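Read the structure below first, then the notes.
The values are calculated or read from the model by the stated rules, or taken from the named source; none is laboratory data. Note that the coordinates shown come from a computational prediction; the quantities given were computed from them, not determined experimentally. Glycine gets a Cβ as well: all are built from the backbone with ideal geometry, and neighbour counts include every protein chain shown. With ligands, DNA and RNA removed, areas are computed over all heavy atoms of the protein, side chains included. Shrake-Rupley method; radii C 1.70, N 1.55, O 1.52, S 1.80 Å.
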Amino acid sequence: MPRKKQGDQSLRALLRLPLGEGVDLSSHDASATPGGPVGKAAGVAATALLGPRLADLQERLYAASTAGDRRRLLLVLQGMDTSGKGGTVKHVIGYLNPSGCRIQAFKAPTEEERAHPFLWRVTKALPRPGEIGIFDRSHYEDVLIARVRALAPPAEIEERYGEIARFEKSLTDDGVTLVKVFLHISHEEQRARLLKRLDNPEKHWKFDPGDIEERSRWPAYQEAYELALERCASPRAPWYLVPADRKWYRNWAISTLLLEHLEDLDPQYPRADFDVAESRRRLLAS
């Protein structure tokens with residue numbers, strides 16, 4: 001059974017990073033399980049129990065859009081390599097109807113994308129009304145990897161924080177519920193996961209020797225994330241820090257965060273705009 005949450009708090013309250021405060025990732029335990037079930041077996045079982053409710057709310061959200069409801073949800077997943085962005089898509093989004101999801105994995109920008117402002121490709125991938133969108137990496141790459149690798153002038157990167165804040169405000173103003181999740185993995189756990197890929201020939205396709213070089217930049221990435229988590233958060237678009245060393249907890253936590261946000265939206269099936277009784281009579285007579 002899940003642990004009783006202190007003060008009966010929602011998981012959002014437990015995992016949401018405070019606004020207007022500096023972020024120190026070293027003060028967060030990547031193996032912690034705040035508010036979660038006790039142990040892996042209980043966590044896997046609890047996550048499975050969330051599936052039917054998630055599916056029901058997703059269907060209601062999509063159905064509501066057919067009557068003009070413009071609301072939709074966007075899950076933004078950010079984290080270091082091996083933190084579980086792809087695993088989240090596989091295990092959590094698997095409970096949803098794929099026809100109502102829009103999943104985008106952002107890789108290095110193409111030549112066409114580099115010819116446009118950095119938010120151009122992100123705007124094209126946004127969910128439509130009634131959909132749940134999932135970003136595996138996102139517009140935050142342009143203040144993370146771009147900062148660490150000096151892919152843009154420092155002044156330009158500084159401007160991007162403000163552009164991101166204005167962009168996210170425009171999304172929430174237009175009916176998008178933003179669920180921004182930072183998957184917090186430890187340096188040691190990342191090494192262990194990369195070693196597992198090397199030790200299993202069936203996982204070699206997932207390994208990039210460049211990942212070893214990226215590990216040497218770990219402190220710079222931690223600093224870049226701390227800046228992004230602090231400077232690109234607002235009351236309607238906060239950041240949630242999910243400890244990601246335990247995969248079962250990661251899956252449960254993100255499933256629960258999605259459920260809490262969808263329950264708040266409380267989408268409703270639209271009422272029929274036709275005479276149901278008359279349609280039934282005609283169908284029976286046909």
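Have a look at R121, R166 and point out the one that is in contact with a Ser or Thr (Cβ under 9 Å, 6 or more places away or on another chain) and either surrounded by fewer than 16 Cβ atoms within 10 Å (Cβ to Cβ) or free of Cβ contacts under 8 Å to residues at least 24 places away in the same chain (or both). Can you show your working first?
On the way: R166 fails: in contact with a Ser or Thr (Cβ under 9 Å, 6 or more places away or on another chain).
Every option except R121 fails the conditions.
Pairs linking a residue in the stretch 267-281 that is closer than 29 Å to L54 by Cα to a residue that is open to solvent by 100 Å² or more (accessible area, probe 1.4 Å) and assigned to a loop (DSSP other than H, G, I, E, B), with Cβ atoms under 9 Å and 6 or more positions apart or on different chains, are P270/T66. Could you grab me the full set of residues in the stretch 102-112 that are within 13 Å of the chain's Cα centre (by Cα) and either under 12 Å from E131 (Cβ atoms) or of a type in the set (S, T, Y) (or both)? Once the filter is applied, which keeps residues that are within 13 Å of the chain's Cα centre (by Cα) and either under 12 Å from E131 (Cβ atoms) or of a type in the set (S, T, Y) (or both), the stretch 102-112 yields R102, I103, Q104. Going residue by residue through the stretch 127-137, is there one that turns out to be among the small types (G, A, S) and modelled with pLDDT of 95 or more? Yes; the residues of the stretch 127-137 include at least one that is among the small types (G, A, S) and modelled with pLDDT of 95 or more. The residue of the stretch 81-101 that is least open to solvent (accessible area, probe 1.4 Å), among those that are part of a helix (DSSP H, G or I) and more than 23 Å from L241 (Cβ to Cβ), is G100. Per this entry, L75 is counted among residues that are at pLDDT 95 or above, within 26 Å of W218 (Cβ to Cβ) and either in contact with a helix residue (DSSP H, G or I) (Cβ under 9 Å, 6 or more places away or on another chain) or buried (at least 18 other Cβ atoms within 10 Å of the Cβ) (or both).
Give the stretch 124-144 a look and list any residue that's free of Cβ contacts under 8 Å to residues at least 40 places away in the same chain and either in a loop (DSSP other than H, G, I, E, B) or more than 16 Å from the chain's Cα centre (by Cα) (or both), or say none.
Pass one, the stretch 124-144, residues free of Cβ contacts under 8 Å to residues at least 40 places away in the same chain: 124-125, 139, 141-142.
Once the filter is applied, which keeps residues that are free of Cβ contacts under 8 Å to residues at least 40 places away in the same chain and either in a loop (DSSP other than H, G, I, E, B) or more than 16 Å from the chain's Cα centre (by Cα) (or both), the stretch 124-144 yields K124, A125, D142.
Just checking, which of R191, R271 is part of a helix (DSSP H, G or I), charged (D, E, K, R) and on the phi < 0 side of the Ramachandran plot? That would be R191, the only listed residue that is part of a helix (DSSP H, G or I), charged (D, E, K, R) and on the phi < 0 side of the Ramachandran plot. Of all residue pairs spaced 6 or more apart or on separate chains, those with beta-carbon atoms under 9 Å, a first member in the stretch 148-162 that is part of a helix (DSSP H, G or I) and a second member that is surrounded by 10 or more Cβ atoms within 10 Å (Cβ to Cβ) and among the aromatic types (F, W, Y) are V148/Y221; R160/F118. Within the stretch 194-208, residues that are closer than 10 Å to D81 by Cβ reach partners that are acidic (D, E) and surrounded by 10 or more Cβ atoms within 10 Å (Cβ to Cβ) with beta carbons closer than 7 Å, at six or more positions or on different chains, in the pairs L194/D211. Looking across the stretch 36-58, just one residue is surrounded by 16 or more Cβ atoms within 10 Å (Cβ to Cβ) and free of Cβ contacts under 8 Å to residues at least 60 places away in the same chain, and that is A42.
Here the condition is being hydroxyl-bearing (S, T, Y), open to solvent by 30 Å² or more (accessible area, probe 1.4 Å) and in contact (Cβ under 8 Å) with a residue 60 or more places away in the chain; of S255, S234, it holds for S234 alone.
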